[in-house]
Amino acid sequence: MKRASSYMVAAACLALAAAASLSQVQSAPAASSAASTGLDYEFFKTKVQPVFLTKRTGHTRCVVCHTTNNAPFHLVPLTPGSTAWNEQQSRQNFTLIQRVAIPGSMDSPIVKHPLAEQAGGDPHHGGAQQFESQADPAWQTLKAFIMGQKA
Ligand code: HEC
C-alpha cells in the first residue's frame, strides 16, 4: 500500500512537470523555441550541418548513414541533386537533433558517440570513431553547439 501511494505521488509529480514544461512552451514566442532549449538554430544551420556533410578520410559521411538508418540520430534526406539542406529541411533537422543533443551536457550522444574512446568517447559507433581527439575542429563545433553557442 505504501508502495502504491509513492507511485501515485511520482505520477502526480510527472504530470505537474509536464504541465509546467507545456506552459513554458506555450508562453515562448514561436521564433525562440531555440532559446528555450539553449540550442541555437542559426549556429546549427550554418556550422553544425556542414559537419554532417563533410567527408573525413577513411570514413563515410554522417549524412549517408543517418538519413537512412534507424539510429536515434536522424537527418532529413537531401533533395536529389542538392548538396545541402534547404531552410525547411534544416528546421526539421534542428528538431530531430534534439533527440541526441542535450543542452549543456557533454554526455549528449552527438558529442560522445562519434568521438574516439581514448578521447573520452563511446567504445563503439556503427559509423566509426570519426574524431580522434577533442581538438578536432569539427568536434569542437559539435561541442560549441551543445554548449549553446550562437551564430
Ligand atoms: C557507416 C554508417 C554511419 C556513419 C557514416 C555515421 N554513423 Fe552514427 N550511427 C551509425 C549506426 C549504425 C548507429 C546505431 C548503432 C550505434 O549506436 O552505433 C549510429 C548511431 C549514432 C548516434 C546515436 C547514438 C545513440 O544511441 O543515441 C549518433 C549521435 C551518431 N551515430 C552520430 C554520428 C555522427 C556525428 C556521424 C558523422 C561524424 C556519424 N554518426 C556517422 C552509423 C553511422
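Things worth noting here:
- Filter pass, Pro137 being assigned by TED's automatic domain parsing to the domain that holds Asn69, within 21 Å of Leu39 (Cβ to Cβ) and touching a residue at least 60 places away in the same chain (Cβ under 8 Å): no
- Filtered by the rule that a residue be in a loop (DSSP other than H, G, I, E, B) and near the ligand (Cβ under 8 Å from one of its atoms), region 124-137 gives His124, His125, Gly126, Gly127, Ala128, Gln130.
- Top-ranked residue of region 36-57 - restricted to ones that are away from the ligand (no atom under 11 Å from the Cβ) and not in a helix (DSSP H, G or I), ranked as modelled with the lowest pLDDT: Gly38
- If the condition is being under 17 Å from the mean Cα position of the chain (by Cα) and either farther than 20 Å from Phe145 by Cβ or of a type outside the set (Phe, Trp, Tyr) (or both), then region 69-87 contributes Asn69, Asn70, Ala71, Pro72, His74, Leu75, Val76, Pro77.
- When residues of region 96-151 are limited to those that are exposed (fewer than 14 other Cβ atoms within 10 Å of the Cβ) and in contact with an Asp or Glu (Cβ under 6 Å, 6 or more places away or on another chain), the one farthest from Phe44 (Cα to Cα): Pro123
- Residue count for region 89-123, restricted to those that are among the polar types (S, T, N, Q) and either near the ligand (Cβ under 9 Å from one of its atoms) or in a loop (DSSP other than H, G, I, E, B) (or both): 3
The values are calculated or read from the model by the stated rules, or taken from the named source; none is laboratory data. Here the structure is a predicted model, which is why all the values come from computation and not from measurement. Here Cβ is always computed from backbone atoms with ideal geometry, including for glycine, and neighbour counts include all displayed protein chains.
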